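Following: one structure in structure tokens, then a few remarks.
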Amino acid sequence: MALKTGMFLRRAERDDMDTVVTWMDDPDFLHFLYGDPVRSPKQIREHLTAVLGRNAPNTVPSGMYLIVESSEHGPVGLVSIMNISWRNRSCSLDAYIGNKSLRSGMVAGISLYRAMEFCFDELNLHRITTYIYSFNSPSWRLMELSGAKRELVMRHHVPRDGKLYDLYAYGLLRREFEALRERQAARFKGKSLAEMIAAQQEALAQAETAP
Amino acid sequence: MIQGLHTSIRTAELDDLGMLSQFYDPERPRSLYLDRRCEVYCPTKDELREMLTRPDVRASLGFLVVEDAEGVIRGFCALRGITQEAALADMLLGFLDPLDFATPVAEETFAYLKRRVFTELRLEKLMARCLDFESEYRQFLMQQGFTRDGVQREVVYAMGAYHDLESFTLVKQPERTD
């Protein structure tokens, strides 16, 4: 991404377990993503251990968790890349910002972009699918901004709080991500943080020397 | 066994392995082979045998074969992913010859599945998917009143190319009171 940020993705480790269990146990996580409210923290831990345990160097994982880490705030969110099909070169993607004070569009957007970069550039996938509930409009708007297409609308599909909501499936193909990358590169050309600081310093210096 | 005018529907037995394995032809993939990751899955006879003898599969009437009036096996059907909370199920329906979708055999089989889903299991939705080259199946779904949820683009890789996967839903119609 042309825009420089202090946020990056890294593989989840066993040391992250407590943080991730806390996020996954959060009612917001269950509401916007998946899981069962009766699942105990111990069960969540066992599930995570099973996923993290598959990351030995010689195995081909069908799913992985990545931690969104900020240089300022530490771990702020979780990206799950699941149902990886090495045959179809596809996966399903979920992102969750656990640090509630950082749930702005920027943090979620950068996390999602980094996850997409990882899927296409590192895992060499062809397609990403995300399933988003209709009431989670910030998420599906973000997907639409990325160039993903709303491919499925499943009416009255997801039960939440005694009501049924629509489920949207978004698909992002590699060529669509590359188009997004080109658009972003043009948009942020010469707009890295360092360059912005340099430009500001230059402007200040010019103002001081002006008669 | 469910006896119809043109078909009889019964649970698959180990004796049907030969016929069931013919279904799983990697040269001619079908949407009903797709697993959770949309990968074409062709089980071996051993894997099929294992599936047919699993107690949970037998108890839930997992695999049903469809025979015509002469007792010849024409196809197979199953319900998968039954979710009581969301009141839905996925339908798997296939015939060795796709042209059978235009015959009363397919209509009777579907009538049984519909009754099972909406009346016996009291679910609200029946879902189905078809690959972009399964035109007979697609036409059959549309004729039976399924509505289109959309198309997942380039989601299945088979026969050297990417294929689209179309999703359909049939919603339970309110029962007539007259």
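The values are calculated or read from the model by the stated rules, or taken from the named source; none is laboratory data. Everything numeric in this text was worked out from a predicted model, so none of it was measured. All Cβ positions, even for glycine, are placed from backbone atoms using ideal geometry, and neighbour counts span all protein chains on display.
At-a-glance table
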item: Of residues in segment A:1-42 being modelled with pLDDT of 80 or more and among the polar types (S, T, N, Q), the one farthest from A:GLU69 (Cα to Cα); result: A:THR22
item: Unique residue being over 22 Å from B:ALA86 (Cβ atoms), in contact with a strand residue (DSSP E or B) (Cβ under 6 Å, 6 or more places away or on another chain) and not hydroxyl-bearing (Ser, Thr, Tyr) when the list is A:LEU167, A:LEU173; result: A:LEU173
item: Which listed residue is modelled with pLDDT of 85 or more and either surrounded by 16 or more Cβ atoms within 10 Å (Cβ to Cβ) or among the basic types (Lys, Arg) (or both), from A:SER62, A:SER92; result: A:SER92
item: Residue match in segment B:114-121 (condition: buried (at least 22 other Cβ atoms within 10 Å of the Cβ) and closer than 27 Å to B:VAL155 by Cβ); result: yes
item: Options B:ARG129, B:ARG153: the member that is within 14 Å of chain A (Cβ to nearest Cβ) and either more than 16 Å from A:ASN88 (Cβ to Cβ) or in contact with a helix residue (DSSP H, G or I) (Cβ under 9 Å, 6 or more places away or on another chain) (or both); result: B:ARG129
item: Enumeration of residues in segment B:1-24 that are surrounded by 11 or more Cβ atoms within 10 Å (Cβ to Cβ) and under 16 Å from the mean Cα position of the chain (by Cα); result: B:THR7, B:SER8, B:ILE9, B:ARG10, B:THR11, B:ALA12, B:MET19, B:LEU20, B:SER21, B:PHE23, B:TYR24
item: A:ASP161 being under 30 Å from B:ALA128 (Cβ atoms) and touching a Ser or Thr at 6+ places or on another chain (Cβ under 8 Å); result: no
item: Any hit, segment B:34-43, residues being part of a strand (DSSP E or B), without any contact (Cβ under 8 Å) to a residue 40 or more places away in the chain, among the β-branched types (Val, Ile, Thr) and within 14 Å of chain A (Cβ to nearest Cβ); result: no
